[in-house]
Amino acid sequence: MSTELIVIETLSLVIVSAILLERKSVRFSDSMLNITTMYPVLISFLVYLVISILNHLHMSLLIRYPEPAVKLITILHTLSFPQFILSWMTHIERKTLTRRRFRMLLIVELALLAVFTILTIVDLGTGRLFMFSDAHQLEGGSGITIMLLLCGAYTVTGIMTVLHAWRSIDRYSRMVHLLSSGFILFSLVLFHLFRQPYMFALSNTFMLLFSYLYFQRRELEIDVLTRIPNFPAFIDHVEHVLRAKIESTMIVVDIENFRLINNRYGNSVGDEVLKVFSAYLVGFEPRAKVFRIAGNRFALSFHLMTHNQVVGSVKAIKSRCVQGWSLGMLGISFYVNIAIAELPRHANTRDKLLEILDFMLTEIKARRRQSVIIYNKRLTQLQLRRLDVLTALRGAIADESRIIVHYQPIHDVLSGRIHAAEALMRLQDPQMGMISPGEFIPAAEQTALISKLTESIVQKVTRFLHDHANLLASLSHISINISADDLSSSEASRRLLDILSGPDADPSRIGFEVTESMLLSSKQSVLERWEAFSSKGVKFLLDDFGTGYANLESLTSLPFDVVKIDRSVISNSRNNYELITVISLMLERLGKQIVAEGVETREQLEFAQAAGVRYVQGYYFSKPVPEDQLLDMLRYDRAKQ
Ligand code: C2E
Ligand code: CA
Ligand code: CA
């Protein structure tokens with residue numbers, strides 16, 4: 001027995017110990033990614049190596065043990081072979097078999113090991129399986145052959161489970177599992193032929209090192225904050241699913257207005273929210289794989305679900321989020337937007353999947369009143385239409401005559417006359433005809449073209465006010481819808497200020513309509529710009545009050561002149577009567593005007609009036625109309641006097 005073998009085994013011992021000692025205290029949701037699952041394998045290999053070195057020290061005559069110790073070590077050495085191989089194979093089998101099958105197999109395998117161990121111990125007395133020479137060296141007996149057969153059986157079983165589960169495991173695991181069990185089988189054969197465990201020690205050390213490096217690499221696919229797989233892991237997973245042709249359902253969950261949670265409670269609370277939410281998703285359905293694919297966006301991958309299963313899951317997730325989580329003293333709830341697609345039916349490449357998921361989520365944001373979309377054929381049409389709209393939008397920015405402003409009058413129910421008007425934009429495209437703002441505003445906001453549109457409409461309204469100063473003098477103001485970008489970009493708001501400072505402009509006749517969600521994200525700089533506009537005389541109107549996040553704080557602390565109650569509140573005015581009354585009383589106290597939006601029927605008008613609302617806008621009086629029609633209405637008003 002040469003000393004080289006001892007050197008090799010000692011070296012292996014050092015490497016494996018180093019891997020084992022590098023304990024990182026991490027928790028993974030997915031046990032596939034956890035190096036700690038390798039610990040039993042690493043430890044049993046260490047046990048094998050220690051005993052092996054002790055044994056080989058004796059066999060190479062470097063150290064002499066007393067007779068009983070020699071026998072014991074030899075026997076232990078023989079037993080440490082199958083115990084190590086069994087621990088490695090069960091590591092593989094646990095991942096590739098169902099829990100029940102794995103348990104059954106494990107029982108059989110452990111029973112075999114137990115029988116072999118008992119036989120070996122009994123043999124200490126009889127000396128039939130392991131025969132020793134006078135010099136206390138192992139000389140013969142069938143013990144070694146039985147041990148090799150046992151090891152071989154374990155290894156072949158391991159290989160078979162990998163082949164059995166071939167489709168459901170990823171490429172890399174296939175390779176590692178097959179390589180490691182293949183090497184073990186090969187080294188068993190070599191051992192049988194030459195009685196030299198060189199190959200065994202070396203190949204296992206390299207395979208363990210290899211697995212360790214793999215775990216290190218996988219660490220890069222773990223999201224640092226939530227400890228769940230991240231976007232690159234999601235991409236890997238999608239590619240695997242598509243390659244293996246596994247039919248699956250992807251549910252992507254996007255936390256709405258997450259920025260606002262960060263702004264209001266601070267980033268550390270935001271982080272906690274992401275952690276509890278991801279923990280909830282991980283526990284939601286144990287068989288689903290969960291990924292954090294962007295800041296506030298998570299993906300769940302399921303085996304193909306039925307429509308009912310999808311609906312059930314979506315309902316459960318949504319209601320859990322509304323219910324909220326308590327973090328210390330805070331109770332935090334939020335809304336989620338959900339996009340659902342099937343692989344490979346809706347997308348047969350990863351790029352296609354990412355594209356339709358993105359499209360669906362932006363679509364949800366644009367629709368405002370729908371928070372779940374399941375992919376379907378109609379969406380493909382819509383996606384094409386969106387591209388056309390974007391082209392039309394670019395065309396309109398190049399040729400501003402295509403940007404049309406319509407005006408919707410706001411009535412004063414006390415005097416029966418037009419009190420103000422809201423400017424609403426349309427695009428007149430040579431190919432597509434008239435395009436409504438519901439279509440192009442979201443596109444403009446995403447592509448940062450919105451500030452150009454706002455600039456253009458502010459210019460047009462300013463000119464309109466100037467050109468028809470006489471007739472329009474009876475209006476308190478004309479309001480213009482402003483987007484978040486217009487106030488948050490210093491460049492955009494400077495340009496608007498420039499227009500409003502022009503010789504023909506009268507900013508005191510202009511109002512800016514802003515929404516609550518825009519304001520919740522307001523930073524100090526936004527408030528400063530607000531100040532710059534209002535010091536020029538521009539009025540501020542709170543638009544769509546009663547949708548989304550009702551924030552009484554911004555209502556009282558921000559200098560709004562007018563609050564516009566959203567159409568959804570009005571259209572349900574029968575149920576919201578009390579609410580509207582209380583709101584209007586409160587706003588009156590605060591010295592703010594109230595406008596009821598979207599009044600369509602006589603009944604709604606009466607409700608609004610009874611609740612104390614004085615200004616009313618809606619189809620009941622008039623749709624948004626072109627300039628000359630508004631002027632006609634004003635002429636008619638004037639003639640009535
Ligand atoms: P909004 O600011 O809430 O504007 C009111 C919308 O409700 C208008 O739709 C108007 O035509 C519609 N409306 C008014 N009365 C009634 C009614 O009685 N019943 C019903 N069903 N609808 C009524 P429009 O013009 O399609 O504009 C949609 C949205 O697009 C606006 O909602 C606003 O958020 C945005 N928008 C319009 N013009 C501009 C603009 O110049 N800039 C920006 N940033 N957004 C704009
Ligand atoms: Ca508006
Ligand atoms: Ca509105």
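The values are calculated or read from the model by the stated rules, or taken from the named source; none is laboratory data. Note that this is a predicted model, so its numbers are computed, not measured. Positions of Cβ are generated from backbone atoms using ideal geometry, with glycine treated the same way; all protein chains shown enter the neighbour counts. Accessible surface is based on the protein model in full, side chains and every heavy atom, while ligands, DNA and RNA are left aside. Shrake-Rupley method; radii C 1.70, N 1.55, O 1.52, S 1.80 Å.
Miscellaneous remarks
- Here the relative contact order of the chain, from alpha carbon pairs under 8 Å that lie six or more residues apart, stands at 8 percent.
- Helix axis angle, 490-500 relative to the chain longest principal axis, alpha carbon, degrees: 10 degrees
- Taken as Cα centroids, the stretch 201-249 and the stretch 401-473 sit 53 Å apart, rounded to the nearest whole angstrom.
- Heavy-atom SASA rank of R100, R495 (probe 1.4 Å, accessible area, largest first): R100, R495
- Shape category assigned to the stretch 401-640 from the gyration tensor of Cα positions, a/c cut at 1.5: rounded
- Rolling a 1.4 Å probe over the protein heavy atoms gives the chain an accessible area of 48 Å² per residue.
- Neighbour-limited loop hits for trypsin sites (Lys or Arg not before Pro), the stretch 134-208 (at most 13 other Cβ within 10 Å; DSSP other than H, G, I, E, B): R195
- Counting all C-alpha pairs of the chain, share separated by more than 46 Å (%): 42 percent
- With a cut-off of 13 Å between beta carbons, the residues surrounding V176 carry a summed charge of +4, where Lys and Arg count +1 and Asp and Glu -1.
- Computed from the C-beta positions of M329 and Q216 and an R0 of 30 Å, the FRET efficiency is 0.15 to the nearest 0.05.
- Separation between Cα centres of the stretch 46-70 and the stretch 99-132, rounded to whole Å: 22 Å
- Residue ranking by accessible heavy-atom surface, 1.4 Å probe, largest first, among E221, E531 comes out as E531, E221.
- A cut-off under 10 angstrom between Cβ atoms defines the neighbours of V252, and their net charge, with Lys, Arg +1 and Asp, Glu -1, is -1.
- Loop sites in the stretch 212-264: trypsin sites (Lys or Arg not before Pro), DSSP, at most 15 other Cβ within 10 Å: K245
- Taking 20 Å as the straight-line reach from the Cα of K377, the lysines in range (excluding those fewer than 8 positions away in the same chain) are K352, K365.
- Sum of -39500 (n - 2.57) over DSSP H runs of 4+, divided by residues of the chain (222 nm, nearest 500): -19500 deg cm²/dmol
- Look at where the Cα atoms of the stretch 304-378 and of the stretch 567-641 average out, and the two centres are 36 Å apart.
- Note: relative contact order over the stretch 231-375, using C-alpha pairs below 8 Å and six or more positions apart, is 31 percent.
- Relative to the current alpha-carbon distance between L202 and R589, full extension at 0.36 nm per residue lengthens the span by 131.0 nm.
- For the stretch 2-219, the relative contact order is 25 percent, taking Cα pairs closer than 8 Å that sit 6 or more residues apart in sequence and dividing their mean separation by the residue count.
- For K352, solvent-accessible area (1.4 Å; no DNA, RNA or ligand), Å²: 60 Å²
- Taking Cα atoms only, the orientation of helix 267-284 departs from the longest principal axis of the chain by about 60 degrees.
- Among T447, T96, the sequence by solvent-accessible area, most first, with a 1.4 Å probe is T447, T96.
- Overall form of the stretch 457-516 per C-alpha gyration tensor (a/c, 1.5; a/b vs b/c): oblate
- GluC sites (Glu not before Pro) lying in DSSP loop within the stretch 542-641, provided at most 15 other Cβ fall within 10 Å: E600
- Counting only Cβ charges, +1 for Lys and Arg and -1 for Asp and Glu, the dipole size of the chain around its Cα centre is about 1400 debye.
- For L163, the solvent-accessible surface with a 1.4 Å probe is about 100 Å², rounded to the nearest 10.
- Virtual spin-label span in nm between Q383 and K245, 7 Å along Cα→Cβ: 2.3 nm
- When the Cα positions of I397, I8, C321 are compared along the charge dipole of the chain, I8 comes out farthest toward the positive end, with charges on each C-beta of Lys, Arg, Asp and Glu.
- Computed magnitude of the charge dipole of the stretch 2-219 (debye, nearest 20; Cβ of K, R +1, Cβ of D, E -1): 980 debye
- Protein accessible area in the stretch 2-219, 1.4 Å probe - carbon and sulfur %: 70 percent
- Ligands, DNA and RNA left out, the accessible area of the stretch 231-375 computed with a 1.4 Å probe is 52% carbon and sulfur.
- Taking all protein chains as they are arranged and a probe of 1.4 Å, the heavy atoms of D506 leave approximately 70 Å² accessible to solvent.
- Computed on the Cα atoms alone, the convex hull of the stretch 231-375 gives a volume of 105 cubic angstrom per residue.
- Cα lying deepest toward the dipole's positive end in the stretch 234-322, options V310, I235, A299, charges on Cβ: V310
- Acute angle (nearest 10 degrees) that the helix 3-21 long axis makes with the longest principal axis of the chain, alpha-carbon atoms: 30 degrees
- Residue-count net charge about Y407 - beta-carbon cut-off 12 Å; Lys, Arg +1, Asp, Glu -1: -1
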